[in-house]
Amino acid sequence: NAGVMQNPRHLVRRRGQEARLRCSPMKGHSHVYWYRQLPEEGLKFMVYLQKENIIDESGMPKERFSAEFPKEGPSILRIQQVVRGDSAAYFCASSAQTGGTEAFFGQGTRLTVV
Amino acid sequence: GDSVTQMEGPVTLSEEAFLTINCTYTATGYPSLFWYVQYPGEGLQLLLKATKADDKGSNKGFEATYRKETTSFHLEKGSVQVSDSAVYFCALSDLYGGSQGNLIFGKGTKLSVKP
């Protein structure tokens with residue numbers, strides 16, 4: 001029973017490059033959440049998606065960041081023209097329903113911008 | 001808006017000591033409350049949860065009770081082990097308070113247990 005799969009685990013990008021982070025939810029889960037964890041901080045919500053729809057992107061920076069969850073394939077978090085401040089761990093979580101049900105987390109992608 | 005405040009760490013204990021990590025919350029609606037644990041280099045794992053007032057969540061010797069009157073969800077364990085060393089996050093999900101079910105986290109408390 002595969003859990004939430006994120007890849008790559010580690011990603012190094014130079015300033016100005018693009019970063020693509022992938023998340024495959026657990027089987028049967030149609031709700032995907034992306035969070036960002038800065039060093040020594042808790043996780044901050046970025047975006048909530050269901051298949052082919054962005055439900056809530058209130059935590060997403062207005063520029064350079066985008067997310068999608070296509071009908072087929074993983075959810076993608078895309079960061080264009082990365083800057084040093086984007087260096088963080090990005091976690092994806094999936095759930096079968098919204099609200100008080102358990103969300104299962106992936107192991108995260110650690111992005112380093114050099 | 002909704003928020004979670006948990007005690008700052010790091011917390012260092014000896015093996016078999018009693019653990020309490022305080023967590024209080026502010027919420028508009030009727031949130032569900034969670035404790036997650038993060039081991040070094042790993043993602044978050046759900047430790048326990050409670051969905052309504054006076055519920056007690058428990059798992060692996062850890063317990064937390066949803067106290068609406070004090071808006072608290074303190075984590076306790078009677079006898080910690082070295083393997084409990086990790087970062088612990090308190091979180092809430094306030095579906096009826098306007099969010100879409102996303103989790104709001106505290107900053108985390110790092111626990112180190114010495115043999």
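The values are calculated or read from the model by the stated rules, or taken from the named source; none is laboratory data. Keep in mind it's a predicted model, so treat the numbers as computed, not measured. Virtual Cβ from ideal backbone geometry, glycine too; neighbours counted across all protein chains shown. These area figures cover heavy atoms from the full protein model, side chains too; ligands, DNA and RNA do not enter into them. Shrake-Rupley method; radii C 1.70, N 1.55, O 1.52, S 1.80 Å.
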In Å², what does the accessible area per residue of the protein assembly as shown work out to with a 1.4 Å probe?
49 Å²
If you project the alpha carbons of region A:22-70 onto the principal axes, what extent comes out on each, in Å, largest first?
33, 23, 16
Residues meeting the amide H criterion for B:Glu15 (H placed from the backbone, H to H distance under 5 Å, 5 or more places apart or on another chain) are B:Lys114
Farthest positive-ward along the protein assembly as shown dipole, Cα basis, beta-carbon charges - from A:His29, B:Ile104, B:Cys23:
A:His29
Rounded to the nearest 0.05, what FRET efficiency is calculated for A:Arg110 and B:Glu69 with R0 set to 41 Å and r the Cβ-Cβ distance?
0.50
If contacts are Cα pairs under 8 angstrom and at least 6 residues apart, what is the relative contact order of chain A in percent?
37 percent
With DNA, RNA and ligands ignored, accessible area of B:Thr26 (1.4 Å probe; Å², nearest 10)
80 Å²
If you wrap a convex hull around the Cα atoms of chain B, how much volume per residue is inside, in Å³?
91 Å³
How crowded by other chains is A:43-52, given as the mean number of beta carbons from other chains within 10 Å of each beta carbon?
3
Hey, which aspartates and glutamates would be in cross-link range of B:Lys110, C-alpha to C-alpha under 12 Å, not counting anything within fewer than 8 residues on its own chain?
A:Glu40, A:Glu41, B:Glu8, B:Asp84
Of the listed links A:Lys27/B:Lys107; B:Lys77/B:Lys114; A:Lys27/B:Lys56; A:Lys27/A:Lys51; A:Lys27/A:Lys62, those spanning more than 19 angstrom between alpha carbons are A:Lys27/B:Lys107; A:Lys27/B:Lys56; A:Lys27/A:Lys62
Principal axis lengths of chain A from Cα atoms, whole Å, largest first?
37, 25, 24
In order over region A:85-91: 3J(HN,Hα) from phi, Karplus 6.51/-1.76/1.60, θ = phi - 60°, whole Hz, x for each Gly or Pro, gives x, 7, 4, 5, 9, 10, 10
Charges at C-beta only: +1 for Lys and Arg, -1 for Asp and Glu. How large is the resulting dipole of chain A about its Cα centre, in Debye rounded to 20?
460 debye
Accessible area that becomes buried as A packs against B, both chains, 1.4 Å probe, Å², nearest 100:
1700 Å²
In whole percent, how big is the carbon plus sulfur part of the accessible area of the protein assembly as shown, probe 1.4 Å, protein atoms only?
47 percent
Between B:Ser83 and A:Ser66, what's the calculated FRET efficiency when r is the beta-carbon distance and R0 is 25 Å? Round to 0.05.
0.05
Once amide H atoms are built 1.01 Å from N in the peptide plane, which residues 5 or more positions from A:Val47, or in another chain, come under 5 Å H to H?
A:Trp34
Spin-label model distance (nm) - A:Met5 vs B:Thr5, 7 Å beyond Cα toward Cβ
4.3 nm
Obtain the radius of gyration and the Kirkwood radius of the protein assembly as shown from its C-alpha atoms and give Rg over Rh.
0.97
